[in-house]
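Remarks on the structure that follows.
None of the figures in this text is laboratory data; all of them are computed from the coordinates on show. Since we're looking at a predicted model, the values are computed, not measured. FYI the Cβ positions are ideal-geometry reconstructions off the backbone, even for glycines, and counts take in every protein chain you see.
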Amino acid sequence: MHKTRVFGQSHWMSGVAQFGDILLMIDPIASDETSKVILDMQKCKSLAKIIKERRRPPWPTPLTSDLPPKEMADTLVDIYLRTMETFYRVFHIPTFTRDYDAVWIPGASPDTAFLVQLKLILAIGATMYDDRFTLRLSAIRWIYEAQTWISEPEFKSRLNIQFLQTQILLLLARETVGVEGSFIWISAGELVRNAMYMGLHRDPEHLPKGTTFVAEFRRRIWNTVLEISLYSSIESGGNPLLSLEDFDTHLPQNLDDDQIMVENSIPSPEHSYTKMSIALALRQMFPVRLAIAKRLNGISDHSGYTETLRLDAELRASYKTSCKHLQGQSSEGTAGPSDFQKRLLDFTLRRYLVALHSPYFNASQHDSTYAYSRKVIVESSLKIWNYVFYSPSIATSAGCVEGETQENQDFWKMAICGNGNLRTCAAQACFLIAADLRAQLEEEEGLGPVTLRPDLLSVITDCKSWSLDALRAGETNAKGYMFLEMVSTLLGGLKNGLRKDQLSQMLVTSAEEALANCIEIFEEVLSEGSDEIGTSLDEVNDLAPYSLPELISDWGFLSQQNQFDFGVAEPMNWVYTGYP
């Protein structure tokens, strides 16, 4: 079976494509009825552009020694250490803590390279500091300072472990905060090659004998490099360009940070929790996740549905093994994985399952051969949504985690304020659920009322309020929220059996209301602390003529950036032709 592949987050888009006819339904409406929608969309675009320009520091942005107050810095560092550091091991925590404490010694002059790393850590922690991302401007500036420093022409002298750490942190910060720049997939490729140039792809046993600390730290950094490479591939739709045959570095040992300081330390058993446990659980699933990324984003895999089912079973088996180890750690009565770690690990599984089965989502709605894929997509999307959206009922039913812990709040704040995969996957999961609900409504042939699952319907309602919260937290793309409101209206109209002309009018009304909400939020953002709001809003009124299809033609609004958009014609074509 031949499949065409277009770069981008294509494996997520099959559910979204089923709502493309919304534009066709409202385009024929008289221009005077759609003109307000067109003008409001242009106003949203102009407001968003001004907001983003105000946030952008000058380039280049020289590194300064300015830091937030120590109490705030301590909080941001603690957030980073209990969240991202547990998945992407970058630091030896005791060493980092020593260097961090030294920064605050009166009269001390901190090492420049460490200061860059610290600011990137603060930027990542800022996304989970509160639910409105009040430190966004500072976070963006810290990233610009780091990007300026790392771009200086001193590459060879900096090619060391500390430089790799900074590269990793910069990629994570750019992705999490949402700073535009080169594609993370391209930058991740540079990271992989830098690590290989330093020999991290060869296990330390093949190198001159060194200390346990050096050997284990090299393995840890290489392990993180692999995760960043795979993450960027699945996030942006690019081929991983890495295989298991390209390296022989062993898995890091299950040692806590204090243990690797001791020569010939004996690794803890798999069922004993250490600061490496979550990273090792991910590494155990790495081979099958890499195979999934190659199948989705490569150009030479022509295997059929049987291979999808095989990868599904292999991923589930690998995850089950990892969970057994983690459950054993928790049952010993000692420290175990946090709620954040459990959520993000399970989120990762669901994300790969949805990505793996999404190419068959369209076919599953008219061919029972692919019914399993439809079930996996719907149930995994629901699980993803329940993880990122908080409500009292969900908090007590979302798997193995219960209640509103600090770690749960970290997860929800990252999804609302951050621009990484939590936000993207949550929105796309909502559209996949909406696409399934639409299919159910169109499959119904009886005369009685259509019964839809309440938990699926509630996702659509909750996602609208969640999207507004994201806008209030600084998101500047109004198209996603507007399209969601239109999809919700379409589902309601289909459920009530409305005619196409009635639906068209309702879609226009819902678009107007959604855009009005977005404009109000954007104007509030612009008016905060600005004396030039009048001038800026006058600029917004200088509107260029656009048609409605032109304004909504960019499908990239469903992801955090229009990745791999090189002007390829018919970017959604593969959704309809690439699979049965």
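Using 0.36 nm per residue, how much length does the chain from K70 to E444 gain when fully extended, once their Cα-Cα distance is taken away?
Computed gain between K70 and E444 is 128.6 nm.
Check which residues have an amide H placed less than 5 Å from T249's amide H, if you skip close sequence neighbours.
D203
State the Cα centre-to-centre distance between segment 69-143 and segment 477-521 in whole Å.
Their Cα centres are 42 Å away from one another.
Within a 10 angstrom radius of the beta carbon, how do R89, R453 rank from fewest other beta carbons to most?
R453, R89
What base-10 log of the normalised intensity I(q)/I(0) is obtained for segment 110-257 from the Debye formula, alpha carbons as equal point scatterers, at q = 0.14, 0.21 Å⁻¹?
The Debye formula, applied to the Cα set alone, gives -0.73, -1.37.
For segment 453-494, what does the alpha-carbon gyration tensor say about shape, rounded, prolate or oblate, given a ≥ b ≥ c as the root eigenvalues, a/c under 1.5 as rounded, and a/b over b/c as prolate?
Taking the square roots of the gyration eigenvalues as a ≥ b ≥ c, segment 453-494 is oblate.
What is the packing order of peptides 139-148, 251-260, 197-206, taking the mean over residues of other C-beta atoms within 10 Å and listing the highest first?
Output ranking for 139-148, 251-260, 197-206: 139-148, 251-260, 197-206.
Kindly identify segment 70-143 as rounded, prolate or oblate by the Cα gyration tensor criterion: order the square roots of the eigenvalues as a ≥ b ≥ c, call it rounded if a/c is under 1.5, otherwise compare a/b with b/c, prolate if a/b is larger, else oblate.
oblate
What does the charge count around Y129 come to, taking other residues whose C-beta lies under 14 Å from its C-beta (Lys +1, Arg +1, Asp -1, Glu -1)?
-2
Over segment 93-143, calculate the relative contact order: mean separation of alpha carbon pairs under 8 Å at least 6 apart, over the residue count, as a percent.
That works out to 27 percent.
Can you give me the distance in nm between label points at S243 and E263, each placed 7 Å from the Cα along the Cα-to-Cβ direction?
For S243 paired with E263, the spin-label model returns 4.0 nm.
Once you've got the Cα coordinates, tell me which of K119/K464; K294/K383; K119/K324; K36/K464; K49/K500 are over 28 Å apart.
K119/K464; K119/K324; K49/K500
Take each of the peptides 485-493, 107-115, 238-246, average the number of other beta-carbon atoms within 10 Å over its residues, and list them starting from the highest.
Ranking the peptides 485-493, 107-115, 238-246 by packing returns 485-493, 238-246, 107-115.
Place +1 on the Cβ of every Lys and Arg and -1 on the Cβ of every Asp and Glu in segment 33-190, take the dipole about the Cα centre, and give the residue among Q147, T166, P57 whose Cα lies farthest towards its positive end.
Checking the options against the dipole of segment 33-190, the answer is P57.
Applying a 10 Å radius around every beta-carbon, put 358-364, 375-381 in order of their mean neighbour count, most first.
358-364, 375-381
Apply the a/c threshold of 1.5 to the C-alpha gyration tensor of segment 265-383 and tell me whether it is rounded, prolate or oblate.
The shape class here is prolate.
Give the distance, in whole Å, between the Cα centre of segment 358-377 and the Cα centre of segment 254-326.
Rounded to whole Å, the Cα centres lie 27 Å apart.
Looking at T306, S277, A293, which one has the Cα that reaches farthest to the positive end of the dipole of segment 271-321 (charges on Cβ: Lys, Arg +1; Asp, Glu -1)?
Checked the options; the winner is S277.
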